[in-house]
Amino acid sequence: DAGVIQSPRHEVTEMGQEVTLRCKPISGHNSLFWYRQTMMRGLELLIYFNNNVPIDDSGMPEDRFSAKMPNASFSTLKIQPSEPRDSAVYFCASRYAINEAFFGQGTRLTVV
Amino acid sequence: AQSVSQHNHHVILSEAASLELGCNYSYGGTVNLFWYVQYPGQHLQLLLKYFSGDPLVKGIKGFEAEFIKSKFSFNLRKPSVQWSDTAEYFCAVNSNDYKLSFGAGTTVTVRA
C-alpha cells in the first residue's frame, strides 16, 4: 500500500480564495482524521470520520472550514474563504478501528 | 473531554544522555496510548503503542514507555540518545469514541 496520500503537497493562495485539500486513506481503514499543525498551537484535531460519517467536528475553527468524506477512499478539507491565519501544515491520518493511525506527508498551506 | 499534557516543550541534551519525556492524560475510561515521532520536515510516525498487558512497552529505535494507570501517565524513555533522535515527539490518547488526541509535542535536540 502506498500509505495515506495527500494532495497537493504545497499550496500557496491569495487571501479570499477557496482552498481544497485532498486525502486518500489507506485501503481498509475505517477512520480518517484531519489535523492542523502550527508552531503556535501544535497539532490540532479538526475533524474525524468513522465509516465515512463525521463523528466530531468541534475542532473545526469556524464556518469557513468544511470537510467531507463521500466514500471510504477519499476525503476533502475545504477552506472558503481562506485567510493568512489559516497558513499551516494540514495532515490527514487514517486507521482501522482503534489501532495506530498512519499519517500522510501533509499539505503545507500558505495564504498570502 | 479527554486531554493530553506533555510537560516539556523543548529538551536539549548531549549524545549518550538518557531521555525521559512526560505524558499525562485525563480520561477515566479505557485508553490506548501512543508515542509518535516527527523528524524535521516529515510526517508523524509511530514509535510505540500500549493497548493492554505489560505496562512497559518497547518500541522502535530503542525507545520504551511505561504506562502507570494510577498516575494517568505514559512516559517515554531512551537510555542513550543519538544525534539522529533530534525530532518532535508526540503523545497520543485514544478513547472509546475513536477520538485520537495529541499532546502539544516536545522538541528534542540532541547535540553531538
- line: Those residues of segment A:1-50 which are on the phi > 0 side of the Ramachandran plot and either in a strand (DSSP E or B) or facing chain B (nearest Cβ under 10 Å) (or both) amount to A:Gly3, A:Gly42
query: What is the residue count in segment B:69-89 for residues that are surrounded by fewer than 16 Cβ atoms within 10 Å (Cβ to Cβ) and either within 14 Å of chain A (Cβ to nearest Cβ) or at pLDDT 95 or above (or both)?
result: 6
- request: Output yes when any residue across segment B:47-58 is closer than 20 Å to B:Ser26 by Cβ, touching a residue at least 40 places away in the same chain (Cβ under 8 Å), in a loop (DSSP other than H, G, I, E, B) and within 14 Å of another protein chain (Cβ to nearest Cβ), and no when none is.
  value: no
- prompt: Across segment A:91-112, what is the total count of residues that are outside any strand (DSSP E or B) and either on the phi > 0 side of the Ramachandran plot or out of contact with any Ser or Thr (no Cβ under 7 Å at 6 or more places or on another chain) (or both)?
  reply: 9
message: Going residue by residue through segment A:66-83, is there one that turns out to be more than 13 Å from chain B (Cβ to nearest Cβ), buried (at least 18 other Cβ atoms within 10 Å of the Cβ) and of a type in the set (D, E, K, R)?
response: no
statement: The condition from (1) under 17 Å from A:Ile5 (Cβ atoms); (2) surrounded by 15 or more Cβ atoms within 10 Å (Cβ to Cβ) that A:Asn52 misses is numbered (1)
message: Could you check segment B:90-110 and list, in sequence order, the residues that are at the interface with another protein chain (Cβ under 7 Å from one of its Cβ atoms) and in a strand (DSSP E or B)?
response: B:Phe90, B:Asn94, B:Leu100, B:Ser101, B:Phe102
- prompt: How many residues does segment A:32-90 contain that are of a type in the set (Val, Ile, Thr), at pLDDT below 95 and within 18 Å of B:Gln42 (Cα to Cα)?
  reply: 1
message: Is it the case, given these coordinates, that A:Ser31 is among the polar types (S, T, N, Q), surrounded by fewer than 14 Cβ atoms within 10 Å (Cβ to Cβ) and either closer than 25 Å to B:Ala104 by Cβ or within 14 Å of the chain's Cα centre (by Cα) (or both)?
response: no
- prompt: Given the structure, is A:Ile98 in contact with a strand residue (DSSP E or B) (Cβ under 7 Å, 6 or more places away or on another chain) and within 12 Å of another protein chain (Cβ to nearest Cβ)?
  reply: yes
task: Filter segment A:1-21 down to residues that are among the β-branched types (Val, Ile, Thr), surrounded by 14 or more Cβ atoms within 10 Å (Cβ to Cβ) and closer than 12 Å to A:Asp86 by Cα, then give me how many there are.
output: 2
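The values are calculated or read from the model by the stated rules, or taken from the named source; none is laboratory data. This structure is a prediction, so every number in the text was calculated from the model and none was measured. Using ideal geometry, Cβ is built from the backbone for each residue, glycine included, and neighbour counts are taken over all protein chains shown.
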